[in-house]
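The values are calculated or read from the model by the stated rules, or taken from the named source; none is laboratory data. The model shown is predicted, which means the values in this text are computed figures rather than measured ones. When we count neighbours, we look across all protein chains shown, and the Cβ atoms used for this are built from the backbone with ideal geometry, even at glycine. With ligands, DNA and RNA removed, areas are computed over all heavy atoms of the protein, side chains included. Shrake-Rupley method; radii C 1.70, N 1.55, O 1.52, S 1.80 Å.
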Amino acid sequence: MTEHAKKRIRERKISEKFIKEVLENPTKIHRDSKNKDRVLFKKLYLKRGLRKLLLVIGEVEKDKLKIITIIDTSKISKYL
């Protein structure tokens, strides 16, 4: 996990347990058309009664996923 991703996780107060849930049970998985090693895991969830979307962006390196960043948004139609 990059320092950038760790910073975003702390700022948004997202638990490692939830990140793991997103990776294991995403709503949708998307591969980047320009960078075949980049993978976007998307998870719809509720936060205080509002629909939100968490994106976990990673790159596959030597058969392991390195988390690059996360995006936590309410702009669901923009990303899903």
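Annotations
- Peptide ranges 7-14, 67-74 listed from the most packed, as the mean C-beta count within 10 angstrom indicates: 67-74, 7-14
- Qualifying aspartates and glutamates (Cα of each under 12 Å from Cα of Lys62; at least 8 residues distant if same chain): Asp37
- Heavy-atom SASA rank of Ser33, Ser77 (probe 1.4 Å, accessible area, largest first): Ser77, Ser33
- Carbon + sulfur, % of accessible area of the chain - ligands and nucleic acids excluded, 1.4 Å: 48 percent
- Mean projection of the Cα convex hull over all viewing directions, computed for the chain: 5.4 nm².
- Within straight-line reach of Lys47, meaning a Cα separation under 25 Å, sit the following lysines at least 8 residues removed in sequence or on another chain: Lys6, Lys7, Lys13, Lys17, Lys20, Lys28, Lys75, Lys78.
- Candidate aspartates and glutamates for bridging to Lys42, where Cα separation is under 14 Å - those fewer than 8 sequence places away on the same chain excluded: Glu21, Glu24, Asp32, Asp72
- About its Cα centre, the chain has a charge dipole of approximately 380 debye under the convention of +1 per Lys or Arg Cβ and -1 per Asp or Glu Cβ, with nothing else charged.
- List Val60, Val39, ordered by accessible area with a 1.4 Å probe, largest first: Val60, Val39
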